[in-house]
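Take a look at the structure below.
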Amino acid sequence: MSKVDTKGYVYVMISTLNQMVNYIPLKYFKEKDSEFDEIYNITIQESDFVDNNKWDEQLSEVLKRDEIVFNDKDDKHIRIHQNDVNDIENTLEILESNFSDKKKIFWNITGGQRPFILAINQFIQDREDDYICYLEGNKSKMVIFKDDELIENDSYNLDDLKIYTALELMGFQINKEELEKNYSSDDSIKEFYKNFLAQYLNSQELRGKLISLNKKDTDKDKVIKEIKKIVTNLDENLLNEIFTYSDKDDKKQKKIFGYILESLAGYKILKVAENKIADINFSEKINHLRQDDRTSEKEIDEFDIALLTKNGKFMIFECKSGGMGGDVAKSTKYSTYAVSGVYGKPILITPLLEKEIIAIRRKSTLSQNYKDEFEYLKDDLYKTIRQAINSAIRAGLEVWGLDEIEEKLKKYIDLKD
């Protein structure tokens, strides 16, 4: 953003339950060696619905850790009572009393309610040097105006954004040390899953055998031997490893095929989008303890795959090799939106292909019989998968087949080099 120089400017943000939108400009301009002189935070106090102070505290902690200068004293927090939120004249008076002596202000209005924005607009009418900024989440752009003129409308990328930062900004309790990249960067493992996925997508027989591993009455040893006869040109040691099932091995406590499905999806995502990803994590638990002191420590969500793009977009992939209840689907959607607001994207990855998912949705919505080529989907083998797809759809999650990952990611991530 060559046209925008924020040295000598005061940064003013409006506290929100998605503090990532306030964090990104601070991080971005620090990396551009154009750090702000001061940081102010406008926040609502005594809300009947949300304790904004907790989100403010989390943001302060993250800024201090990232060495972004924020003198976190009371005079840097401009507090407006909940009952006065819609009083534009009162808000304007507060702005005048706190900022009239500031020569240059960078206003981040992304998290602001309309009365705040109207008051700010009135306040800056005769201030030619002030910037107005908001983040356009859908397009991942930072839009900046100066003296009613559009100065910048550019994409922004932050290479060192971390998933634990996104979670902390929303008050989740996490273990920072555990939230490091926990996938293998070994090229042989990446190649293994690339070849395994290619065979998986081209063989209904292979998919059926793997799905049958979910059933309690399946002779797993027999089925695994049959699978090994179907696949070709896969590293034998790695193949044996992923089929090794041990209750003592935390990685394998989930169903064998669930572990395989998560790995196939994860390494496919890495292959098509690795240079656009700021951070990615497999199988991480979080809880909501810091959001609400009444929340039980047992109320935990586990993200199968959590992805954070370089422009702060958070995507959660729930990989279900079998069933998923409506409560799990709703919880996944809640956690995604809690972390990243409406720009977050919760997605169900199923063992099926795009055409099979379409057939199940069509059957469900139109109450018609499956066409002959999809008659096999009526089999009891697919019952829990059918239920998981329908639960996800009702909860508002997108449903992807493994063969759709690259095309669907293009909707949310710019995959061009």
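The values are calculated or read from the model by the stated rules, or taken from the named source; none is laboratory data. The structure displayed is predicted, hence computed values, not measured ones. Here Cβ is always computed from backbone atoms with ideal geometry, including for glycine, and neighbour counts include all displayed protein chains.
Observations on the model:
Condition check ((1) of a type in the set (Val, Ile, Thr); (2) over 18 Å from residue 11 (Cα atoms)) across all residues:
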residue: 69; (1), (2): yes, no
residue: 78; (1), (2): yes, no
residue: 87; (1), (2): no, yes
residue: 92; (1), (2): no, no
residue: 101; (1), (2): no, no
residue: 121; (1), (2): no, no
residue: 135; (1), (2): no, no
residue: 148; (1), (2): no, yes
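- When the range 82-112 is limited to residues that are under 18 Å from residue 143 (Cβ atoms) and not aromatic (Phe, Trp, Tyr), the one that is surrounded by the most Cβ atoms within 10 Å (Cβ to Cβ) turns out to be 108.
- Hits in the range 118-160 - residues which are of a type in the set (Ser, Thr, Tyr), part of a strand (DSSP E or B) and modelled with pLDDT under 85: 155
- Among the candidates 385, 358, 347, the residue that is of a type outside the set (Gly, Ala, Ser), within 13 Å of the chain's Cα centre (by Cα) and modelled with pLDDT of 85 or more is uniquely 347.
- Whichever residue in the range 161-194 is among the hydrophobic types (A, V, I, L, M, F, W, C) and at pLDDT below 85 and, among such residues, is surrounded by the fewest Cβ atoms within 10 Å (Cβ to Cβ): 174
- Condition broken by residue 53, with the remaining ones in (1) modelled with pLDDT of 90 or more; (2) out of contact with any Ser or Thr (no Cβ under 6 Å at 6 or more places or on another chain); (3) surrounded by 14 or more Cβ atoms within 10 Å (Cβ to Cβ) satisfied: (1)
- Restricting the range 241-296 to residues that are under 25 Å from residue 199 (Cα atoms) and among the basic types (Lys, Arg), the residue that is modelled with the lowest pLDDT: 252
- The one condition in (1) surrounded by 16 or more Cβ atoms within 10 Å (Cβ to Cβ); (2) under 25 Å from the mean Cα position of the chain (by Cα) that residue 36 fails to fulfil: (2)
- Residue in the range 3-26 that is at pLDDT 85 or above, more than 22 Å from residue 116 (Cα to Cα) and aromatic (Phe, Trp, Tyr) present: no
- Top-ranked residue of the range 388-417 - restricted to ones that are of a type in the set (Val, Ile, Thr) and within 19 Å of the chain's Cα centre (by Cα), ranked as modelled with the highest pLDDT: 405
Each row is one residue, and each column tells you yes or no for (1) within 29 Å of the chain's Cα centre (by Cα); (2) touching a residue at least 40 places away in the same chain (Cβ under 8 Å).
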residue	(1), (2)
45	yes, no
57	yes, no
103	no, yes
116	yes, yes
139	yes, no
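- Tabulated pairs, the range 198-211, first touching a residue at least 24 places away in the same chain (Cβ under 8 Å) and within 18 Å of residue 268 (Cα to Cα), second part of a helix (DSSP H, G or I) and of a type in the set (Gly, Ala, Ser), C-beta under 9 angstrom, 6+ apart or interchain: none
- Enumeration of residues in the range 124-147 that are more than 18 Å from residue 18 (Cα to Cα) and either out of contact with any strand residue (DSSP E or B) (no Cβ under 9 Å at 6 or more places or on another chain) or hydroxyl-bearing (Ser, Thr, Tyr) (or both): 125, 126, 131, 147
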